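Chemist: Would you mind keeping the following structure in view while I ask a few things?
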Amino acid sequence: MTTITSNWQAVHAAIAAAARAAGRDPATVDLLAVSKTFPASAVREAYAVGQRAFGENYVQEAVEKMAELADLPIEWHFIGPIQSNKTRSIAEHFAWVHGVDRPKIAARLSEQRPAGLPPLNICLQVNISGEDSKSGVRPGEVEALAQAIAGLPNLRLRGLMAIPAPASGETERAPFARMRELQQQLNAHGFRLDTLSMGMSHDFAAAIHEGATLVRVGTAIFGPRNYGETT
């Protein structure tokens, strides 16, 4: 058994255990394998085990990987900060985008989504911990952004995404609970959000306890990253 295979199985078991501990059906939590900086061969290996959704942060790296893996029906998610000059490539190649935090970016993604492709699934990024170093809208600005995006023709607003500040103990779950409350508030105002993209290798158990429907796990599956020149 390879390292990626055994790691993937261990992560799946941990997700299932966290879901059961929260009184949830493990089938309600999806795993997004974050494959940024890892080669196409690593993605192919994880796919062979059963992983189908993969997350990428760097557009050029991702597009090259997609070409190498074109024989596999992978669901590709873009999860990094979005530059205006990258929106066309993102709109053309990805099924999901997790980091939308500006109406301008959303409008460009909608305009540049090719005809014939299904609507691009969108999660709004929320700066839930109020960190200056992180992207995302403040919680009080989420509904206005959702309203601005909801009417765009080639997008489907699916949910919210966050990367909370590192925490431990009783405080670890608090930002995830606030994200769940935000989703509930938006749905009470007529939105139909079904996705909470939150939780990574170090904190997905806490996120699952508070309602995460998709957890983003990279290092726990693929191992430590070696950051080189990626765009």
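Chemist: Can we say residue 38 is more than 15 Å from residue 204 (Cβ to Cβ), at pLDDT 95 or above and part of a strand (DSSP E or B)?
Modeler: So residue 38 does not fit the description; no.
Chemist: Here is a follow-up. If residue 213 meets every condition in (1) in contact with a strand residue (DSSP E or B) (Cβ under 9 Å, 6 or more places away or on another chain); (2) under 30 Å from residue 6 (Cα atoms); (3) exposed (fewer than 15 other Cβ atoms within 10 Å of the Cβ) apart from one, which number is that one?
Modeler: Tallying (1) in contact with a strand residue (DSSP E or B) (Cβ under 9 Å, 6 or more places away or on another chain); (2) under 30 Å from residue 6 (Cα atoms); (3) exposed (fewer than 15 other Cβ atoms within 10 Å of the Cβ), residue 213 fails exactly one: (3).
Chemist: With the requirement that a residue be surrounded by fewer than 20 Cβ atoms within 10 Å (Cβ to Cβ), part of a helix (DSSP H, G or I) and in contact (Cβ under 8 Å) with a residue 40 or more places away in the chain, what does the range 147-163 give you?
Modeler: Listed by number, the residues that qualify are 148, 150.
Chemist: I need a count of the residues in the range 83-100 that are touching a helix residue (DSSP H, G or I) at 6+ places or on another chain (Cβ under 8 Å) and surrounded by fewer than 22 Cβ atoms within 10 Å (Cβ to Cβ).
Modeler: Counting residues in the range 83-100 that are touching a helix residue (DSSP H, G or I) at 6+ places or on another chain (Cβ under 8 Å) and surrounded by fewer than 22 Cβ atoms within 10 Å (Cβ to Cβ) gives 7.
Chemist: With respect to residue 152, is the statement that it is at pLDDT 95 or above and either in contact with a Leu (Cβ under 6 Å, 6 or more places away or on another chain) or among the aromatic types (Phe, Trp, Tyr) (or both) true?
Modeler: When the stated conditions are applied, residue 152 does not pass them.
Chemist: If residue 177 passes every condition in (1) more than 19 Å from residue 104 (Cα to Cα); (2) of a type outside the set (Ser, Thr, Tyr); (3) more than 19 Å from the chain's Cα centre (by Cα); (4) not in a loop (DSSP other than H, G, I, E, B) but one, which one does it miss?
Modeler: If we test residue 177 against (1) more than 19 Å from residue 104 (Cα to Cα); (2) of a type outside the set (Ser, Thr, Tyr); (3) more than 19 Å from the chain's Cα centre (by Cα); (4) not in a loop (DSSP other than H, G, I, E, B), just (3) comes out false.
Chemist: Next question. Going by the structure shown, is residue 14 part of a helix (DSSP H, G or I) and either more than 19 Å from the chain's Cα centre (by Cα) or within 22 Å of residue 194 (Cα to Cα) (or both)?
Modeler: Numbers: part of a helix (DSSP H, G or I): yes; either more than 19 Å from the chain's Cα centre (by Cα) or within 22 Å of residue 194 (Cα to Cα) (or both): no.
Answer is no for this residue.
Chemist: Still on this structure, please answer the following. Looking at the range 18-47, which of the residues that are among the acidic types (Asp, Glu) and more than 18 Å from residue 78 (Cβ to Cβ) is surrounded by the most Cβ atoms within 10 Å (Cβ to Cβ)?
Modeler: 45
Chemist: Cβ contacts < 7 Å: first residue within 18 Å of residue 148 (Cβ to Cβ) and at pLDDT 95 or above, restricted to the range 175-202; second residue polar (S, T, N, Q) and in a helix (DSSP H, G or I), any location; separation 6+ or different chain. Result?
Modeler: The qualifying pairs are 193/183; 193/187.
Chemist: Check 143, 111 and return the single one that is over 14 Å from the mean Cα position of the chain (by Cα), at pLDDT 95 or above and farther than 30 Å from residue 67 by Cα.
Modeler: Within the list 143, 111, the selection yields 143.
Chemist: Which residue pairs have Cβ atoms closer than 8 Å, lie 6 or more positions apart in sequence or on different chains, and pair a first residue in the range 203-216 that is in contact (Cβ under 8 Å) with a residue 24 or more places away in the chain and on the phi > 0 side of the Ramachandran plot with a second residue that is of a type outside the set (Asp, Glu) and part of a helix (DSSP H, G or I)?
Modeler: 211/176; 211/179; 211/180; 211/183
Chemist: Out of all the residues in the range 102-120, which are closer than 16 Å to residue 77 by Cα and surrounded by fewer than 19 Cβ atoms within 10 Å (Cβ to Cβ)?
Modeler: Residues satisfying the conditions are 117, 118, 119.
Chemist: Hey, another quick one. Residue under question is residue 166, and the condition is that it be modelled with pLDDT under 95 and assigned to a helix (DSSP H, G or I); does it hold?
Modeler: no
The values are calculated or read from the model by the stated rules, or taken from the named source; none is laboratory data. Not measured: the values here are computed from a predicted model. Counting neighbours? That spans all protein chains shown, and the Cβs are built from the backbone with ideal geometry, glycine included.
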